[in-house]
Each structure stands twice: as C-alpha cells, then as structure tokens.
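The values are calculated or read from the model by the stated rules, or taken from the named source; none is laboratory data. The structure displayed is predicted, hence computed values, not measured ones. Reconstructed Cβ throughout: ideal geometry from the backbone, glycine too, with neighbour counts over all protein chains shown. With ligands, DNA and RNA removed, areas are computed over all heavy atoms of the protein, side chains included. Shrake-Rupley method; radii C 1.70, N 1.55, O 1.52, S 1.80 Å.
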Amino acid sequence: MNNLFRNRWWSFGFRTTIMLYFILLIVLPIIGIYGQSFRSGWGPFWESVSDPLAWKAVLLTLKLAIIATIINIFLGTMIGWSLIRYRFPGRRLLNSLVDLPFALPTAVGGLMILLLLGPNSLVGSLAQGLGFDIVFHEPAIVVAMVFVTFPFVIRAVQPLLEELDKSEEEAAYTLGASKTRAFFQVIFPTMLPGISSGAMLAFSRALAEFGAVVLVAGNIPGKTLIASVYIFGEIESDNPQGAAAVSVMLLTLSFVILWAVNLVQSRRLGK
Amino acid sequence: MKKVWVSLTYLVFLILLIIPIIKIFTGAWAEGWDGFIEALSRPQALHALMMTGIIVVVVTALNTIFGVMLALYLVRANWIGGKLKQLLNSLVDLPYAVSPVIGGLMIVLILGPSTAIGALFEDIGFKIVYALPGMILATLFVTFPLMVREVMPVLQEIGAQQEEAASTLGAYSWYTFWHVTWPSIRWGVIYGVVLTVARSLGEFGAVLVVSGNIMNKTQTATTLVYQDVENFNVLAANSVALVLAAFSVGLLLLMEWAKKRKEVH
C-alpha cells in the first residue's frame, strides 16, 4: 500500500513537470507574442503593420517564397522520381545527401552561397558581365530559400512512389497508354498529395528562413529586406512592438499552412 | 528518358550541394593549414565553439528526457481526454511553424530585462536573456518537436499490449519502460538525438536574437560565422564554417546509420 501511494505521487509529479514544461516552453511564448502586439489595442498594431517597409517586407517574403517553392516542386518531383525509379551508380550516396540542408547550419549554407555567387566568384562576375546581380539581390534570396527547403518535396514524394502499385502502371501500359499518359494519369495522381504537403512545408520554411538569407540578401529596406530580417532589425533597434506585430502576421500565415498540411495528411490517412 | 533524368538529378546535386561543400573546404584552406589553424585558435573562436558545445550537450539531454516522456504520455496516457490529447498533439508542431527569429523574440519579450519575470531573476543575480540560459531556452524551443515526432509513431506502432502485460504482472513502469518499451523505441530515440544535435549545433536565428552576440561571452559558432562575414573576414568565417560542416556531414552519416537500424527493428 505504502509503495502504491508513493508511486502515485511520483507519477503525479512527473505528469505535472512534463506538462508544465510543455506549456511554459511552447504555448506561453506564443500567447505572449500575440499579447504583446495587441497590448495597446488595435491602433498601434495597425500602425506597425501598415508601415510601408513592414508590409513590403512581408510581400517580398511571400513572393520569393512562392518562387522558391515552385522551383522546389519541379526539382523535388524530378529527383524523388529518379532516386526511386532508376538504378544508377551513386544513387545511395545522392539519397543520403538529400538531407544535407537539414543537417548543415543555415549560416554555413548562406556563407556557401555567398562564396559561390559573390562578386569575386566565377559565377558572380559572369552574371555581372551580363548585367545582372545575384548576391545582395532577389535571386540570391531565392537560391538560399531553395537550398534550405530542398529536402521537403523529395522526402514527401519518395514514400508514395515506393508504395505505388506496379500493377496499376502495368495495366495502363497493357491498355495501350503511352509512357507520358501513364505518368500523368496513374503515377502523378499518386504523387500529388506528397508534392502538395511537401510544397506547403517548404513554403512555410521559406517564409521563416533567416540564417541563410541574412548573409546573402543586401537587406535594403523595401527592396531586399525580407520579413524575418525585418523583425531582427526591429529587435536590434529596440522596437519590440513593431517586431511583434510583423511576427504575428508571419506566424498566423505559418499556422494556417501547418493546419492545411495536417488536413491534407489526415484526409489521406482517412481514405 | 532515364539518362536525361539521372543526369539532370546529378546536375542539381552537383550545383546545389556538392560544389558548395567543396567550396567551403577549399575556402578554409585558401591560406593553407596555418591560416585555418590561426582562424580557429582565435580566443573568440575557441570560446564560440565551447558555447556551442555546452548548448548542444544541455539541450540534447533535456530534449531527450522531456521528449520521450511527452511522447509516452501523448500516446499512452489515459488521464488525458481524447480531444485534449489531439490539441496537445497539434501544439507539438508549433515550433516548426515559428521563424527562429520570432522564437528568440518571444523569449526576449517574456524574460527580457525589462519584463517583470526578467527583472525578478536579474535581482537575484540570474541573467536569462543575453546570457547562456536564454540561449539554451531558445534552442530547446526550436528543437522541441524533433524527439517527440520520432518516438510517437514507434510507440503507436508497437501498441500497448506488451506493456500492459508487464504491468499486470505487477511491475512498476520504470521496469516496464526499461525492459519492454525502451528496446523497441531505442532506434527512434537515437535518431531523434542525432536530429537534435544537428539542429542545436546549427541554430542561428533564435540564438542570435536572445544572445545579443557578445564576443567571448554569448557568441556561438554560427553567430561567429555571421559576424566574421559581416566584418569581411571570409577566411576566418570559412574555417569555423568548415568545422561546423564537418560535424554536419558526420551527423548525416550517423543519421543514415540510425535510419537503417530503425527500419530493421
């Protein structure tokens, strides 16, 4: 009896600790940031958000993240397909390399892009000769976003392709479908949920990216200043109100995306 | 067709991943071994690497313990109602949706020196923001979902039967945990640890905001790279980046190994 009593207290203590940790670490800060930005009511929030530099930064982030996501959809689908469908020398090595952007610190990723495309590099000087700039301009930001979100689509598409029933595809061929037709009518629909959930994850990651971008973007307000760098600048210049307001915009957007990903996934599992 | 796709795949990997990695190596060796060593043996570089090391160890330990426990509760506990469990379950993913900079900002807003809690701690001589505790908190926030998300599916897959059998036989959950649960979730946990180490090693945005990036005090390896680049000291940045990249590649190999083991079990 004594033993049971003690066990109960122990497990109660454990539960409380874990749940407190969870709520204090994750939930409270997020409530805090919404609280901070609305603390003095709608007026100041609106003022911070309607600062042209603020919404220009958010719009720029959206635009570049969409471009990066589209690039990733194409690259990811192609690479996921090649890695699963074809056997070729070096396939396993490439397959392990896919995760490199997850393992590599983002600041290191940014530095690599800076070195490769910067004004002193081969590519950079070539581009400059042709009359357009890469580093410190929009293309470099897109490259950085593509780099950090590279694995998402591939990793979402691969398991679906592996599960794909070969007989369905063979049936299509037997019925006289061409390779292209079989791809678009049988294989592509199977890959689609993976592509869409991978793309959404990549998009929300691209919206949030900071480390790789801050090093390669020129961070010129209104031109190459993206939202997360804008927030950082506001914190540095001691304006937590403005930082919190833009954060709330970005956060709400990300939450909606995350929720959509969950919806897509649960619908797939429910099917 | 095959040839086209395979060569295109190789091309993308070459441009996006392989050449950049080689560039980091050649960049750090631009002035030979001496330049590399010199850049690394700067006092601020040594201090930054040490800070990163401390953060990685503390964060990985805490995140592993709390992550495994939370995963156990979210899958097994019957004292949480179904609806609440679903809510908690979706809350776990929140840090994925939060930009690291915002994660850092949240900690500054709640625990910064100008807030009530921050001031209270400062009075008793315990600095959180612009000091190590805040940096650890920020990294804990960012790495939070990694462990939970690795362990939960394994727990769901193995089911509760074996554990229930062990408990009916009168064993306390510690015993049950070590002898029944642990062997089956082991590789999931190890994979989670590798992911946590990689993420805490490379965390930049959140730590930069919380630490204030004070040289020889709160500077980590990644924020040192950032500062070196800003100071146009590319060689030094390269050398520190090379150390980080080497660790990441090592972790990547570990990941592959753990993944394979995980699939076997």
With a 1.4 Å probe on protein heavy atoms only, tell me which residues of segment B:11-39 lose at least 10 Å² of accessible surface in the complex relative to the chain by itself. B:V12, B:F13, B:L16, B:L17, B:I18, B:I19, B:P20, B:I21, B:K23, B:I24
In Hz, Karplus ³J(HN,Hα) per residue of segment A:232-242 (6.51, -1.76, 1.60; θ = phi - 60°; x = Gly, Pro): 4, x, 5, 5, 4, 8, 6, 10, x, 4, x
Sequence gap at least 6, Cα distance under 8 Å: using those rules, report the relative contact order of chain A to the nearest whole percent. 29
Considering every residue in B:82-89, what mean count of other chain Cβ atoms within 10 Å of its Cβ is obtained? 1
Modelling each spin label as a point 7 Å along the Cα-to-Cβ direction, I'd like the B:I124/B:L253 distance in nm, to one decimal. 4.6
For A:K223, which lysines qualify as cross-link partners when the Cα separation must be under 28 Å and same-chain residues fewer than eight apart are set aside? A:K56, A:K63
What average number of partner chain Cβ atoms lie no more than 10 Å from the Cβ of the residues making up A:85-96? 4
What is the packing order of peptides A:12-22, B:92-102, taking the mean over residues of other C-beta atoms within 10 Å and listing the highest first? B:92-102, A:12-22
Calculate the mean, over all residues of peptide A:210-219, of how many other protein chain Cβ atoms lie within 10 angstrom of the residue's Cβ. 4
Acute angle (nearest 10 degrees) that the helix B:182-202 long axis makes with the longest principal axis of chain B, alpha-carbon atoms: 30
Quick one: with all protein chains in place, what share of the accessible area of segment A:1-85 is carbon or sulfur, to the nearest percent (1.4 Å probe)? 75
Can you tally the net charge around B:I102? Count Lys and Arg as +1, Asp and Glu as -1, for every other residue whose Cβ sits under 14 Å from the Cβ of B:I102. -2
Contact-by-burial set, segment A:28-44, min loss 30 Å², accessible area of protein heavy atoms with 1.4 Å probe, reference chain alone, gives A:P29, A:I30, A:I33
How much accessible area per residue does segment A:51-270 have, counting only protein heavy atoms and a probe of 1.4 Å, in square angstrom? 43
Please give every one of the lysines within straight-line cross-link reach of B:K3, meaning a C-alpha to C-alpha distance under 24 Å, and leave out same-chain neighbours fewer than 8 residues apart. A:K166, A:K179
Please give the charge dipole size of the protein assembly as shown, origin at the Cα centre, charges +1 on K and R Cβ atoms and -1 on D and E Cβ atoms. Round to the nearest 20 debye. 1460
Given the convex hull of the Cα atoms of the protein assembly as shown, what is a quarter of its surface area in nm²? 29.1
List, in order, the whole-Hz ³J(HN,Hα) value for each residue of segment B:64-78 obtained from phi through the Karplus relation with A = 6.51, B = -1.76, C = 1.60 and θ = phi - 60°; use x for Gly and Pro. 5, 4, 5, x, 5, 4, 5, 4, 4, 5, 5, 8, 9, 4, 9
Tell me the relative contact order for chain B as a rounded percent, counting alpha carbon contacts under 8 Å between residues six or more apart. 31
Restricting attention to the alpha-carbon atoms of segment A:51-270, what are Rg (one decimal) and Dmax (integer), both in Å? 20.0, 68
How big a patch of accessible area, both sides summed and in Å² to the nearest 100, lies buried between A and B at a 1.4 Å probe? 6600
If the convex hull of the alpha-carbon atoms of segment B:40-264 is projected onto planes in all directions, what is the mean projected area in square nanometres? 15.0
Based solely on its DSSP helices, what 222 nm [θ] is calculated for chain B when runs of n ≥ 4 H residues each add -39,500 (n - 2.57) and the sum is averaged over all residues, nearest 500 deg cm²/dmol? -25500 deg cm²/dmol
In segment B:248-263, what residues drop by 20 Å² or more of accessible area when the other protein chains are put back, versus the chain on its own? Use 1.4 Å, and skip ligands and nucleic acids. B:S248, B:L252, B:M255, B:E256, B:K259, B:K260
Using a Gaussian network model of chain B whose springs link C-alpha atoms within less than 10 Å, name the residue from B:L140, B:L70, B:L253 with the highest mean-square fluctuation. B:L253
Rounded to the nearest whole Å², what accessible area per residue is found for segment B:40-264 with the 1.4 Å probe? 42
Under 17 Å from the Cα of B:K85, which lysines turn up, not counting those fewer than eight places away in the same chain? none
